Amino acid sequence: MVKKEASRVLDLNPPSLPKRHHIILKFLISFLLLGLAFHLFVSDSLSFFTSSVVEAPPPLVEETNVVIEPPLPATSAGDLLSVNESKTIPNEEISTSFNASNGECDLFVGDWVPDPSAPVYTNSSCRDIEAHQNCMMNGRPDSGYLYWRWNPRSCELPRFDPEKFLDLMKNKWWAFIGDSISRNHVQSFLCILSQVEQAVEVYHDEQYKSKRWHFPSHNFTLSVIWSPFLLKADIFEDINGVSSAETQLHLDKLDKTWTDQYENFDYAVIAGGKWFLKTAIYHENGTVTGCHSCLGKNLTEMSFEYAYRRALKSILDFMMGSGRKAFVFLRTTTPDHFENGEWFSGGTCNRTGPFKEGEVDIKDVDAEMRGIEMEEFEKASIVGAENGVTLKLLDTTRMSMLRPDGHPGPYRQFQPFAKDKNAKVQNDCLHWCLPGPIDSWNDILMEMVIRGAH
């Protein structure tokens, strides 16, 4: 009974089928089983092969903008802008001396980029740095502001080459005419040149504000003439900028301090502007015609814009029509970076790095001054070209606006926090540390001279 049941289960061939059919059926079943085994083997083999292939990595993209970080100090709170302080740099790119329209790039449209190379001079290698701008000697603790260079966006700007410059300027005379920023500028100029030849000081005025130097090996003369308005002015102000009386400014008379020497100059760099913001009584044709910011006086209030435009027109008219075919640079206004006050009300400048595009805007007063400078420059350029006088615009306003970190700040004084780390000291957020960002002005100046000579 058990055997019968077992044979029924195991018997795959019904008894009615012939024996040869039984053999054929077995063959077909074997063939199908063999095919299935082969299919599974091939499928597993392909799966193993494809899973074992290592994909080649994508080609490396060449990095063309590798930035070498300078030894900047750690970012401090003073380095950051709050939302309320953040502004936008205007997109206007006003054509200056060099632009695409005449085949040359604009040297003044660019950015400050990290530069690991050391400055060309130090406060040890240059003896011409005035104490107020000698930031390292005065104890400024950070040095990151030294490791940036101005980089025009459309061309390369070489470093100032003092040896090449002095060779070009044999038997020539340069003059920087203006206020204390011009004196700051000429110190940078001197420090760079002193790496090749030490100048001999041959003249200074009683207050040491105007000076003249001679480079014997090249018979090159360099002057700085302190004339903050470039007009005749009676000024009653001490070394700290405190006035004891209103300035008497003659809008129709140029300052003879520089005009009497002008026929000697082969190159002249003129600048002004900031002093026109000060309180002053205006004189024209021998008569008081009004004043600027003189409260309590029974005089007509007149804008600084009127005075500055009038002055700049007279100055450029003289230079374009004097008969002296000098190479003239008009340097545009220099912005300050006082925050939380002005120079007289506790303003400070403690940032340790440059602004980036979009982080700061030009102040209204600087925009107004630069606008006047641009307009008068354009008009004077036409007259100069007719008279064979070269006039170029040294448009340093924007590049300077981006460097709040380059000022002495509290380190206009020697070791201001030596006795009290919380001492309240006056900051200088207008002039520039030496060495510092102002050195790039001279890189541009030399490039303009070389281009202008061709």
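The values are calculated or read from the model by the stated rules, or taken from the named source; none is laboratory data. Here the structure is a predicted model, which means the values were calculated and not measured. Backbone-built Cβ (ideal geometry, glycine too); neighbour counts: all protein chains shown. We work out accessible area using only protein heavy atoms, side chains counted, and drop any ligands, DNA or RNA first. Shrake-Rupley method; radii C 1.70, N 1.55, O 1.52, S 1.80 Å.
If you go through segment 160-188 one residue at a time, how many are open to solvent by less than 20 Å² (accessible area, probe 1.4 Å) and either in a strand (DSSP E or B) or free of Cβ contacts under 8 Å to residues at least 40 places away in the same chain (or both)? Talk me through it step by step, then tell me what you get.
Keep residues of segment 160-188 that are open to solvent by less than 20 Å² (accessible area, probe 1.4 Å), which gives 160, 165-166, 169, 174-179, 181-182, 184-188.
Next cut, either in a strand (DSSP E or B) or free of Cβ contacts under 8 Å to residues at least 40 places away in the same chain (or both) only: 174-178, 186.
Counting residues in segment 160-188 that are open to solvent by less than 20 Å² (accessible area, probe 1.4 Å) and either in a strand (DSSP E or B) or free of Cβ contacts under 8 Å to residues at least 40 places away in the same chain (or both) gives 6.
Which ones in segment 203-239 are open to solvent by less than 10 Å² (accessible area, probe 1.4 Å) and either part of a strand (DSSP E or B) or free of Cβ contacts under 8 Å to residues at least 40 places away in the same chain (or both)?
Correct list: F215, F220, L222, S223, V224, I225, L231.
Could you tell me which residue of segment 216-229 is farthest from Y267 (Cα to Cα), considering only residues that are more than 30 Å from the chain's Cα centre (by Cα) and not small (G, A, S)? Explain how you work it out, then say what you get.
Taking segment 216-229 as the starting set, the residues that turn out to be more than 30 Å from the chain's Cα centre (by Cα) are 216-219.
Among the residues that remain, those that are also not small (G, A, S) are: 216, 218-219.
Working: P216: 18, H218: 16, N219: 15 Å.
Step by step, filter segment 216-229, then rank; the result is P216.
Could you grab me the full set of residues in segment 259-287 that are open to solvent by less than 20 Å² (accessible area, probe 1.4 Å) and in a helix (DSSP H, G or I)?
Result: Y262, F276.
Going by the conditions given, is G290 touching a helix residue (DSSP H, G or I) at 6+ places or on another chain (Cβ under 9 Å), on the phi > 0 side of the Ramachandran plot and either crowded, with 19+ Cβ neighbours inside 10 Å or charged (D, E, K, R) (or both)?
On the way: touching a helix residue (DSSP H, G or I) at 6+ places or on another chain (Cβ under 9 Å): yes; on the phi > 0 side of the Ramachandran plot: yes; either crowded, with 19+ Cβ neighbours inside 10 Å or charged (D, E, K, R) (or both): yes.
So G290 passes the test.
Given the criteria open to solvent by less than 40 Å² (accessible area, probe 1.4 Å) and outside any helix (DSSP H, G or I), does G384 qualify? Before the answer, list the steps.
Values: open to solvent by less than 40 Å² (accessible area, probe 1.4 Å): yes; outside any helix (DSSP H, G or I): no.
Judged against the criteria, G384 is not a match.
From G346, G358, G341, grab the single residue that is modelled with pLDDT under 95, open to solvent by 20 Å² or more (accessible area, probe 1.4 Å) and touching a Gly at 6+ places or on another chain (Cβ under 6 Å). Before you say what the answer is, go through the steps one by one.
Working: G346 fails: touching a Gly at 6+ places or on another chain (Cβ under 6 Å); G358 fails: touching a Gly at 6+ places or on another chain (Cβ under 6 Å).
Going through G346, G358, G341 in turn, the sole match is G341.
Taking the condition part of a loop (DSSP other than H, G, I, E, B), at pLDDT 85 or above and of a type outside the set (A, V, I, L, M), does D111 pass?
no
Out of the residues in segment 359-374 meeting the condition of being of a type outside the set (A, V, I, L, M), in contact (Cβ under 8 Å) with a residue 24 or more places away in the chain and assigned to a helix (DSSP H, G or I), tell me which one is farthest from P410 (Cα to Cα).
Step one: filter segment 359-374 for residues of a type outside the set (A, V, I, L, M), giving 359, 361, 363-364, 366, 368, 370-371, 373.
Next, from what is left, pick out any that are in contact (Cβ under 8 Å) with a residue 24 or more places away in the chain: 359, 361, 363, 366, 368, 370, 373.
Going one step further and asking which of them are assigned to a helix (DSSP H, G or I), we end up with 366, 368, 370, 373.
Numbers: D366: 23, E368: 29, R370: 28, E373: 31 Å.
Looking at residues that are of a type outside the set (A, V, I, L, M), in contact (Cβ under 8 Å) with a residue 24 or more places away in the chain and assigned to a helix (DSSP H, G or I), I get E373.
Residue-by-condition table, conditions (1) of a type in the set (D, E, K, R); (2) surrounded by fewer than 15 Cβ atoms within 10 Å (Cβ to Cβ); (3) within 18 Å of the chain's Cα centre (by Cα); (4) in a helix (DSSP H, G or I):
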site	(1), (2), (3), (4)
E376	yes, no, no, yes
A380	no, no, no, yes
R398	yes, no, yes, yes
F417	no, yes, no, no
Q426	no, no, no, no
G436	no, no, yes, no
I450	no, yes, no, yes
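Looking only at segment 263-310, which residues are within 28 Å of Q187 (Cα to Cα) and in contact with a strand residue (DSSP E or B) (Cβ under 7 Å, 6 or more places away or on another chain)?
Residues satisfying the conditions are N264, F265, D266, Y267, A268, V269, I270, A271, G272, K278.
Among the residues of segment 317-358, write down those that are assigned to a loop (DSSP other than H, G, I, E, B) and of a type in the set (D, E). Steps first, answer last, please.
Taking segment 317-358 first, the residues assigned to a loop (DSSP other than H, G, I, E, B) are 322-326, 332-338, 340-347, 349-358.
Those that are assigned to a loop (DSSP other than H, G, I, E, B) and of a type in the set (D, E): D336, E342, E357.
How many of the residues making up segment 189-202 are among the β-branched types (V, I, T), more than 20 Å from the chain's Cα centre (by Cα) and outside any strand (DSSP E or B)?
We begin by selecting, within segment 189-202, every residue among the β-branched types (V, I, T); these are 192, 196, 200, 202.
Retained after the next criterion (residues that are more than 20 Å from the chain's Cα centre (by Cα)): 196, 200, 202.
Checking which are outside any strand (DSSP E or B) leaves us with 196.
Number of matching residues: 1.
Taking the stated definitions as given, is R351 crowded, with 21+ Cβ neighbours inside 10 Å, farther than 24 Å from S182 by Cβ, within 20 Å of the chain's Cα centre (by Cα) and touching a residue at least 24 places away in the same chain (Cβ under 8 Å)? Reasoning before the result, please.
Details: crowded, with 21+ Cβ neighbours inside 10 Å: yes; farther than 24 Å from S182 by Cβ: yes; within 20 Å of the chain's Cα centre (by Cα): yes; touching a residue at least 24 places away in the same chain (Cβ under 8 Å): yes.
Here the answer is yes, as R351 does meet what is asked.
Can you run down the residue pairs with Cβ atoms below 7 Å, 6 or more apart or on separate chains, where the first is in segment 256-278 and at negative phi and the partner is in a loop (DSSP other than H, G, I, E, B) and of a type in the set (D, E)?
G272/D179; K274/D179; W275/D179
Here are some conditions: (1) surrounded by fewer than 20 Cβ atoms within 10 Å (Cβ to Cβ); (2) over 15 Å from W432 (Cβ atoms). L107 meets all but one. Which one does it not meet?
Going through the list (1) surrounded by fewer than 20 Cβ atoms within 10 Å (Cβ to Cβ); (2) over 15 Å from W432 (Cβ atoms), L107 breaks only (1).
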